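Asks: Quick one: the structure is below, and I'll ask about it shortly.
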Amino acid sequence: MSRVGKIARRTFLIGSAAIAGGVAFGVYAARQPFDNPNLDDLPEGAASFNPWVIVDSEKVTLIAPHADKGQGIFSAQAALIAEELDIELDQVEVSFGMPDKAYYNRALTEAMAGFPLHDTSPTAERVRGFVGGVVKLAMPMMTTGGSTGVPDSYDKLRQAGATARETLKLAASRQSGVPVAELRTEAGAVILPDGTALPYTALAGLAATLPPVTDVPLRDPKEWRLVGKPMNRLDMVAKSTGTLTYGIDHRAEGMLHAAIKVNPRQGGALKGYDASAAQAMPGVKKIVEITGGVAVVADNTWRAFQAAEAIAFDWGEAPYPAEQAEHWAHLSGIFDDDHLNAEARVEGDVEAAEGEEVRGEYRSPYLAHAPLEPLNATVLVTDDRVDIWAGHQIQMFAEQVVSEITGVDQENVHLHNMFIGGSFGHRLEFDFIRQAAEIANQMRGTPVQLTYSREEDFAHDFPRHITMGRGVAKVKGGRVTALDVQIAGQSVMRSQMGRMGLSLPGPDTQLHEGAWDAPYFNLPNLRVRSYRTEALAPVSSWRAVGAGPNVFIYETLLDEAIHAAGADPLEERIRLMGHDVSVKVLEAVGELASWNGPSAGPGRGRGVAYGFSFGVPVATIVEVAATDAGIRIEKAWVVADVGKVIDPVNLENLAQGGTVFGLGHAINCEITYADGMAEQTNYHAHEGMRMYQCPEIRFKALENGAKIRGFGEPPVPPSAPALGNAIFAATGQRIREMPFNKFIDFL
Amino acid sequence: MRLTVNGTEHEVEVEPEMPLLWVLRDELNITGPKYGCGIAQCGACTVHVDGVAVRSCQLAIGDLAGGEVTTIEGLGQPESLHAVQQAWVEHQVAQCGYCQSGQIMQAASLLDFNPAPTDADIDAAMSGNLCRCGTYPRIRAAVKAAAQKLQGA
Ligand code: FES
Ligand code: FES
């Protein structure tokens with residue numbers, strides 16, 4: 001922090017306007033819990049009314065601190081501020097800003113309060129408020145994850161825009177003598193009654209000396225100009241012209257390129273290596289050791305890759321079972337009291353319930369995140385400052401990790417967050433940041449860009465956790481009367497938080513997420529139990545986390561039960577669903593698809609599934625045709641309720657993309673271990689969906705939910721069971737394990 | 001070694017086995033073409049050589065044989081978009097966008113050879129370009145729109 005920044009901070013504590021060293025500062029809004037980081041180095045004549053808005057004589061800058069890995073939150077944040085600020089998006093500069101606790105995520109704690117997210121009762125809200133307050137004080141986390149970008153930003157950023165607008169109006173009033181009530185704002189200017197426009201930039205100097213106007217009521221959504229309407233995403237032209245700078249595209253004077261080889265048995269030791277051949281290869285500058293492996297620093301990425309391949313290694317054993325079959329065998333043995341994670345939900349009495357039994361065992365494999373931009377980070381270490389150019393979702397923790405490695409105070413470690421070429425959870429991890437810092441720390445003064453080869457990216461992914469489910473359903477009189485669901489899995493949260501040096505007390509709720517909170521309130525007998533292990537491969541949050549496997553298990557078992565009961569898959573789900581918002585979602589998807597039962601003509605079938613994750617109910621119907629060349633996925637219809645739509649076009653894109661993601665992995669992806677190493681090394685072996693397999697996808701958004709929700713993850717979970725249920729409808733073959741192509745061919 | 005990229009001649013000193021992709025990205029700082037897989041599985045590195053879409057991660061610079069290279073930067077710029085890029089913006093195709101340089105170069109090449117592709121033609125030509133974000137429905141629509149734009153022009 002600059003010296004004036006420190007003085008300013010101290011001054012704000014006593015709540016008066018500050019003139020320090022000739023630099024004018026706006027008074028920090030009193031109700032903000034944290035200092036406004038923009039004030040630290042604010043030049044003379046510039047104003048920053050809150051952490052998200054800076055106005056100077058040249059331009060208006062909006063800070064959009066959430067990481068953008070493709071979900072569009074960069075544009076959404078800017079639009080939320082601009083909506084209330086009365087400025088157009090082509091009049092502003094938008095920046096990720098620099099990490100600061102002022103940008104802590106307020107929505108992240110909502111799911112930690114122990115209530116399902118569809119419960120918005122006063123008690124649930126009170127506990128959420130309390131938990132949020134405790135976490136804010138104890139560990140305010142700046143993070144993008146858990147589909148919280150939009151809910152975190154929705155009120156806060158509109159408020160930031162409104163506060164800035166009213167302060168600028170106050171400045172205009174002081175300057176013109178016209179009362180504030182007679183002023184209006186439009187397109188980045190305050191308009192006087194005679195039509196004179198005073199641009200915000202011209203008011204910045206005066207506004208900087210005024211106490212920000214707070215407590216501004218937010219506008220009625222009916223008055224919105226930008227939010228809720230189709231937007232042109234701010235990154236769209238750059239992403240369509242190759243001109244957007246991702247982390248991997250960062251270039252700096254004198255920068256070198258690094259490649260690594262780390263023990264492919266995750267967490268295993270480096271016992272020895274011979275780099276003599278690599279040392280002599282073209283372009284190689286230096287070969288250095290890092291945790292668990294070796295890095296080659298060269299003048300070109302490809303040369304670094306080539307040289308890394310030329311190193312001979314002696315790797316230690318994996319700290320988990322070496323063979324995939326042992327992983328499944330281990331999971332099948334933990335359905336017992338010793339491994340009980342939680343008895344997450346009990347309604348009625350599943351054991352006493354009467355009816356014909358339906359049983360199934362389900363499997364969901366390890367899956368790689370494999371975002372198309374391989375992991376990379378550029379780091380420059382000097383003796384008193386470190387700069388990191390990388391996309392990351394937990395920015396300040398990344399800075400802390402680098403501070404620990406380099407010994408440079410965290411205050412002098414600066415992460416320049418970059419646009420991210422996909423994450424799906426991988427950019428919540430720290431290995432690539434840590435490794436880049438370990439390399440750059442041995443090359444002080446030289447910026448070094450570490451790029452993972454795709455093979456290294458696969459080998460060192462922390463995949464989606466492996467899950468096994470066992471279920472018993474009961475049916476009677478044409479109805480489903482009971483579901484007893486048991487889910488066993490590798491604990492994602494313990495594995496992931498463990499790598500951050502954090503422990504997780506109590507159960508890992510992700511192991512039953514999407515099952516315990518499915519709001520089928522009219523199901524009289526229900527039990528959901530989860531079982532936990534930490535003895536398998538290290539795993540991480542993978543888009544939708546627990547809800548991915550769990551919704552597959554739950555909705556496949558439910559479909560089997562409905563079939564046994566002889567009921568209609570959509571109608572019976574609607575009957576069982578006691579949650580109004582979700583009922584409307586199911587009804588709407590039926591309408592959108594013109595649902596007329598699961599059979600859709602000879603060799604054709606339709607399947608439906610419902611998933612509740614991150615507070616969003618989603619229903620998906622998939623239609624398939626069984627052809628001689630295999631199953632063709634022809635159409636999908638998706639309906640979701642996100643409470644409030646920010647950008648209908650982007651939302652549709654996420655619905656389509658999430659459905660493609662869910663379907664693609666369900667049909668042909670898995671990570672399996674042999675000799676302790678992931679057997680899949682590149683996309684040829686973990687393909688996901690390609691265009692020729694992609695169905696036509698129609699989407700509709702509803703806005704009945706009580707709260708606004710994020711949509712990066714929720715479209716994923718119901719797609720896999722909807723497809724499995726459609727295949728059953730078309731062929732009579734019930735598939736209880738992903739990937740489906742182990743059991744049936746696809747086109 | 002000499003090569004022409006987007007109409008400009010460059011001289012680079014590299015071994016002939018170095019793939020074109022890395023000459024572009026790390027020697028010439030032309031970063032529109034992306035590295036995704038390095039083994040012809042994703043298409044993120046697609047550029048045109050003499051007007052034909054190729055995977056630049058697979059083409060050794062020594063085999064370029066005087067071919068003229070066009071990258072996404074040479075296809076169109078933000079202020080002068082190519083019809084395919086225009087269609088991409090109009091359909092708001094990109095999510096993370098990392099695959100889109102390659103998708104657009106592939107689509108532009110397809111439309112050069114086949115100005116009115118059927119749905120099956122589009123699927124066949126574009127299936128080598130992986131999109132992890134799943135923007136395929138929008139890519140299909142944008143390719144069709146671009147075809148119409150180009151035919152009308
Ligand atoms: S990087 Fe060339 S095809 Fe993937
Ligand atoms: S838009 Fe992300 S990979 Fe295609």
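The values are calculated or read from the model by the stated rules, or taken from the named source; none is laboratory data. Note that the structure is predicted; figures quoted are calculated from it, not measured. Heads up, the Cβs are rebuilt from the backbone with ideal geometry, glycines too, and the neighbour counts pull from every protein chain shown.
Asks: Considering B:GLY38, B:GLY62, which residue is part of a loop (DSSP other than H, G, I, E, B), under 30 Å from A:SER453 (Cβ atoms) and in the same structural domain as B:MET18 (by TED's automatic domain parsing)?
Replies: B:GLY38
Asks: Can you spot a residue in region A:485-507 that is aliphatic (A, V, I, L, M), surrounded by fewer than 20 Cβ atoms within 10 Å (Cβ to Cβ) and either touching a residue at least 24 places away in the same chain (Cβ under 8 Å) or within 16 Å of ligand 2 (Cβ to nearest atom) (or both)?
Replies: Yes, region A:485-507 contains a residue that is aliphatic (A, V, I, L, M), surrounded by fewer than 20 Cβ atoms within 10 Å (Cβ to Cβ) and either touching a residue at least 24 places away in the same chain (Cβ under 8 Å) or within 16 Å of ligand 2 (Cβ to nearest atom) (or both).
Asks: While we're looking at this one, here's another question. Could you check how many residues of region A:340-393 are within 16 Å of ligand 1 (Cβ to nearest atom) and part of a strand (DSSP E or B)? Explain how you work it out, then say what you get.
Replies: Step one: of region A:340-393, the residues within 16 Å of ligand 1 (Cβ to nearest atom) are A:368, A:370-376.
Checking which are part of a strand (DSSP E or B) leaves us with A:376.
Final tally of qualifying residues: 1.
Asks: Report whether or not B:GLY102 is more than 18 Å from B:MET18 (Cβ to Cβ) and within 16 Å of ligand 1 (Cβ to nearest atom).
Replies: Criteria met by B:GLY102.
Asks: I'm trying to understand the selection: among the residues of region A:255-291, which are small (Gly, Ala, Ser) and within 23 Å of B:GLU13 (Cβ to Cβ)? Give the steps one after another, and end with the answer.
Replies: Kept after step one, since they are small (Gly, Ala, Ser), are these residues of region A:255-291: A:258-259, A:267-269, A:272, A:275-278, A:280, A:283.
Those that are small (Gly, Ala, Ser) and within 23 Å of B:GLU13 (Cβ to Cβ): A:ALA258, A:ALA259, A:ALA277, A:ALA278, A:ALA280, A:GLY283.
Asks: Next up: If you scan region A:128-171, which residues turn out to be in a helix (DSSP H, G or I), modelled with pLDDT under 85 and of a type outside the set (Gly, Ala, Ser)? Talk me through it step by step, then tell me what you get.
Replies: Step one: list which residues in region A:128-171 are in a helix (DSSP H, G or I), which gives A:128-138, A:149-171.
Checking which are modelled with pLDDT under 85 leaves us with A:129-138.
Once the filter is applied, which keeps residues that are in a helix (DSSP H, G or I), modelled with pLDDT under 85 and of a type outside the set (Gly, Ala, Ser), region A:128-171 yields A:PHE130, A:VAL131, A:VAL134, A:VAL135, A:LYS136, A:LEU137.
Asks: Another question about this same structure. Tell me whether region B:112-122 contains one or more residues that are facing another protein chain (nearest Cβ under 9 Å), without any contact (Cβ under 8 Å) to a residue 40 or more places away in the chain and within 16 Å of ligand 1 (Cβ to nearest atom).
Replies: No, every residue in region B:112-122 fails to be facing another protein chain (nearest Cβ under 9 Å), without any contact (Cβ under 8 Å) to a residue 40 or more places away in the chain and within 16 Å of ligand 1 (Cβ to nearest atom).
Asks: Can you tell me how many residues in region B:19-46 are crowded, with 18+ Cβ neighbours inside 10 Å, at the interface with chain A (Cβ under 10 Å from one of its Cβ atoms) and among the aliphatic types (A, V, I, L, M)?
Replies: Selection size over region B:19-46: 4.
Table: residues versus (1) within 16 Å of ligand 1 (Cβ to nearest atom); (2) in contact (Cβ under 8 Å) with a residue 40 or more places away in the chain; (3) surrounded by fewer than 22 Cβ atoms within 10 Å (Cβ to Cβ).
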site: B:LEU64; (1), (2), (3): yes, yes, yes
site: B:GLY76; (1), (2), (3): no, no, yes
site: B:SER80; (1), (2), (3): no, no, yes
site: B:VAL84; (1), (2), (3): no, yes, no
site: B:TRP88; (1), (2), (3): no, yes, no
site: B:HIS91; (1), (2), (3): no, yes, no
site: B:CYS96; (1), (2), (3): yes, no, no
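Asks: Select, from A:VAL135, A:VAL150, the only residue that is of a type in the set (Val, Ile, Thr) and either free of Cβ contacts under 8 Å to residues at least 24 places away in the same chain or crowded, with 21+ Cβ neighbours inside 10 Å (or both).
Replies: A:VAL150
Asks: Something else about it: Does A:GLN656 satisfy being within 14 Å of another protein chain (Cβ to nearest Cβ), assigned to a loop (DSSP other than H, G, I, E, B) and modelled with pLDDT of 95 or more?
Replies: no
Asks: From A:GLU373, A:GLU317, grab the single residue that is under 24 Å from the mean Cα position of the chain (by Cα), modelled with pLDDT of 95 or more and under 30 Å from A:ALA685 (Cα atoms).
Replies: Of A:GLU373, A:GLU317, the one residue that is under 24 Å from the mean Cα position of the chain (by Cα), modelled with pLDDT of 95 or more and under 30 Å from A:ALA685 (Cα atoms) is A:GLU373.
Asks: Quick check on region B:66-76. Is at least one of its residues away from chain A (no Cβ under 11 Å), at pLDDT below 95 and over 27 Å from A:HIS665 (Cβ atoms)?
Replies: The answer is yes, given that some residue of region B:66-76 is away from chain A (no Cβ under 11 Å), at pLDDT below 95 and over 27 Å from A:HIS665 (Cβ atoms).
Asks: Pairs please, first residue from region B:17-28 and outside the structural domain of B:HIS48 (by TED's automatic domain parsing), second anywhere and away from ligand 2 (no atom under 16 Å from the Cβ) and in a helix (DSSP H, G or I), Cβ atoms under 8 Å, 6+ apart in sequence or on different chains.
Replies: So the pair list comes out empty.
Asks: Something else: Mind checking whether some residue in region A:708-726 is among the acidic types (Asp, Glu) and part of a loop (DSSP other than H, G, I, E, B)?
Replies: For region A:708-726, residues among the acidic types (Asp, Glu) and part of a loop (DSSP other than H, G, I, E, B): present.
Asks: Pull up region B:95-115, narrow it to residues that are away from ligand 2 (no atom under 13 Å from the Cβ) and of a type outside the set (Gly, Ala, Ser), then point me to the one that is nearest to B:VAL49 (Cα to Cα).
Replies: Out of the qualifying residues, it is B:MET105.
Asks: Looking at A:VAL213, A:VAL178, which one is modelled with pLDDT under 95, surrounded by 14 or more Cβ atoms within 10 Å (Cβ to Cβ) and more than 14 Å from chain B (Cβ to nearest Cβ)?
Replies: On the way: A:VAL178 fails: modelled with pLDDT under 95.
Testing whether each residue is modelled with pLDDT under 95, surrounded by 14 or more Cβ atoms within 10 Å (Cβ to Cβ) and more than 14 Å from chain B (Cβ to nearest Cβ) leaves just A:VAL213.
Asks: Has region B:129-152 got any residue that is touching a residue at least 60 places away in the same chain (Cβ under 8 Å), under 11 Å from the mean Cα position of the chain (by Cα) and assigned to a helix (DSSP H, G or I)? Steps first, answer last, please.
Replies: Going residue by residue through region B:129-152, those that are touching a residue at least 60 places away in the same chain (Cβ under 8 Å) are B:129-130, B:146, B:149-150.
With under 11 Å from the mean Cα position of the chain (by Cα) added as a condition, the list becomes B:129.
Adding the requirement that they be assigned to a helix (DSSP H, G or I) leaves none.
No; the residues of region B:129-152 include none that is touching a residue at least 60 places away in the same chain (Cβ under 8 Å), under 11 Å from the mean Cα position of the chain (by Cα) and assigned to a helix (DSSP H, G or I).
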